[in-house]
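Written below as structure tokens is the structure these notes are about.
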Amino acid sequence: MNINQKPGLFTAVAALTLVSGIVNLFWGFIASATALGTIVGVVCLPITILPTILGVFEIIYAAKLLSSQPEPVQPSQTIAVFEIMTFMIGNLFSMVVGVLALIFYNDVTVRDYFARLNGAAATPAPPSAPAAPEPAVEPEAPPSLETPAAPEAPQAPSKPKRIRKVAGE
């Protein structure tokens, strides 16, 4: 398979991520506009902006995947997990896209395509001459099971010990 020929599941992940990014952008804008209508919503505004930020990252990632010039890019489980977490704000479509992305990333053809894509981006090493075969190394002999020799008895000191005399003898 040519590196320019993308597997169908790879293209599906890219297209679903792009659509999910667009949905998350609109979802975040609508949630933020709704939140601005109430006092409590103003306090919750940082939470409503999160889908918008995720949408921007999804669109950038999908653009890299869909580009006609293949770029070295890894499968983004992080984006897929954040897509799954969007169910907490009521976005079920992005949750389904995140689950499908994780499933498609584990497909053999998609993993192989990512590996080729990232391998092609690296500079290939120049071919080297084959190395001379190394001589076979014989395994070490196991330690012998002989009983160890008895330790030698300590030698008597060359000088005899001096005995102290007790005073008054």
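The values are calculated or read from the model by the stated rules, or taken from the named source; none is laboratory data. Since we're looking at a predicted model, the values are computed, not measured. With ideal geometry, Cβ positions are generated from the backbone for all residues, glycine too; neighbour counts draw on all protein chains shown. Accessible surface is based on the protein model in full, side chains and every heavy atom, while ligands, DNA and RNA are left aside. Shrake-Rupley method; radii C 1.70, N 1.55, O 1.52, S 1.80 Å.
Observations, loosely collected:
- Residue match in the range 95-107 (condition: open to solvent by less than 40 Å² (accessible area, probe 1.4 Å), at pLDDT below 90 and of a type outside the set (G, A, S)): no
- In the range 43-55 there is at least one residue that is free of Cβ contacts under 8 Å to residues at least 12 places away in the same chain and among the aliphatic types (A, V, I, L, M).
- Cβ separations smaller than 8 Å between residues 6+ apart or across chains give the following pairs from the range 10-21 residues that are in contact (Cβ under 8 Å) with a residue 24 or more places away in the chain and of a type in the set (S, T, N, Q) to residues that are part of a helix (DSSP H, G or I) and open to solvent by 10 Å² or more (accessible area, probe 1.4 Å): T11/L66; T17/Y61; T17/I79; S20/F93.
- Positions within the range 108-132 being at pLDDT below 85 and exposed (fewer than 10 other Cβ atoms within 10 Å of the Cβ), in sequence order: A122, T123, P124, A125, P126, P127, S128, A129, P130, A131, A132
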